[in-house]
Amino acid sequence: MKKVGLPIIISAPSGTGKTTTCKRLKQRLPNLKIATSHTTRKIRKGECEGVDYFFISKEEFESKKNNNDFLEWAKVHTEYYGTSFESLDKHRQNGFDILLELDIQGVNSLRNMDFEGIYIMILPPSIEEMKKRLEIRGTETEEDIESRLKTGKEEIKDYKKYNYVITNFEVEETVESILAIVRAEKSRVTQYIPTSEDIKELLDL
Ligand code: 5GP
């Protein structure tokens, strides 16, 4: 039986601390691979091409979309984001668990195609706190912040689309919760792969 990686889909309204959480999670799970998305948005200070995103033009994005290169894609705020089949499959086929950071539209697309994975939503403690975090980040204009807050509120309403919801009071605690979820999910009977020939034989697998 070949081990296929488990997709972990994480979503959160902007200003919830998802990026920091995912970075910490990656440190705790060194074998976890990231499905690096493509985006048309501008690179932010501190981000790296091919690590945080593949930053491409709208024309390139359109061409990839027409080529059916994306498992899913969405227009988030004013820019386009997409998960390519390539970014996912190269790791998954090798048995690695893989992290997908998506907005709610991406989650909806995957749900509609019965894409198997653990769907986790990270929420801020309050809308007020989310606003504060966006303002402190200082990467968006006032108008962008308002738009992200509006979208964020709609995203929160969709919390039932997920298997798990975690409130991010503090990053380490949130990471611990995700680790606990991943451990539990990987211990599901459907995920079990015998670790030796004798058990395999015993179970007739
Ligand atoms: P940001 O511009 O702040 O990096 O991301 C904005 C939003 O786009 C976040 O909610 C992020 O999770 C989402 N996002 C990033 N990559 C993808 C993707 O490939 N597909 C979808 N649907 N959303 C994405």
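The values are calculated or read from the model by the stated rules, or taken from the named source; none is laboratory data. From a predicted model like this one, the values you see are computed outputs, not experimental measurements. Here Cβ is always computed from backbone atoms with ideal geometry, including for glycine, and neighbour counts include all displayed protein chains. Quick note on the areas: whole protein, heavy atoms, side chains included, nothing else; ligands and nucleic acids left out. Shrake-Rupley method; radii C 1.70, N 1.55, O 1.52, S 1.80 Å.
Wholly within the stretch 38-149, which strands (runs of 3 or more DSSP E) include no fewer than the required count, namely at least 3 residues that are open to solvent by 70 Å² or more (accessible area, probe 1.4 Å) and aliphatic (A, V, I, L, M)?
Working: elements: 70-76, 79-84, 98-101, 118-123.
Where strands (runs of 3 or more DSSP E) fall fully within the stretch 38-149, none carries at least 3 residues being open to solvent by 70 Å² or more (accessible area, probe 1.4 Å) and aliphatic (A, V, I, L, M).
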- prompt: Taking the condition outside any loop (DSSP other than H, G, I, E, B), in contact with a strand residue (DSSP E or B) (Cβ under 8 Å, 6 or more places away or on another chain) and surrounded by 13 or more Cβ atoms within 10 Å (Cβ to Cβ), does S177 pass?
  reply: yes
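Could you check, for the stretch 152-174, whether at least one of its residues is of a type outside the set (V, I, T) and assigned to a strand (DSSP E or B)?
So the first thing to find is which residues in the stretch 152-174 are of a type outside the set (V, I, T), and the list is 152-155, 157-164, 168-170, 172-173.
Going one step further and asking which of them are assigned to a strand (DSSP E or B), we end up with 164.
Among the residues of the stretch 152-174, at least one is of a type outside the set (V, I, T) and assigned to a strand (DSSP E or B), which makes the answer yes.
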- prompt: Only one of (1) more than 10 Å from the ligand (Cβ to nearest atom); (2) crowded, with 18+ Cβ neighbours inside 10 Å; (3) β-branched (V, I, T); (4) more than 20 Å from E86 (Cα to Cα) fails for T16. Which number is that?
  reply: (1)
- prompt: Failed condition for V76, given (1) more than 13 Å from the chain's Cα centre (by Cα); (2) away from the ligand (no atom under 11 Å from the Cβ), with all others met?
  reply: (2)
task: Can you give me the number of residues within the stretch 150-165 that are in contact with a Ser or Thr (Cβ under 9 Å, 6 or more places away or on another chain), of a type outside the set (V, I, T) and touching a residue at least 60 places away in the same chain (Cβ under 8 Å)?
output: 3
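Considering only the stretch 25-40, I want to know if a residue exists there that is within 20 Å of E176 (Cα to Cα), within 12 Å of the ligand (Cβ to nearest atom) and touching a residue at least 60 places away in the same chain (Cβ under 8 Å). Quick ask: steps written out before the conclusion?
Of the stretch 25-40, the ones within 20 Å of E176 (Cα to Cα) are 25-34.
Those still in the list that are within 12 Å of the ligand (Cβ to nearest atom) too: 34.
This time we only want the ones that are touching a residue at least 60 places away in the same chain (Cβ under 8 Å), so: 34.
Checking the stretch 25-40: at least one residue is within 20 Å of E176 (Cα to Cα), within 12 Å of the ligand (Cβ to nearest atom) and touching a residue at least 60 places away in the same chain (Cβ under 8 Å).
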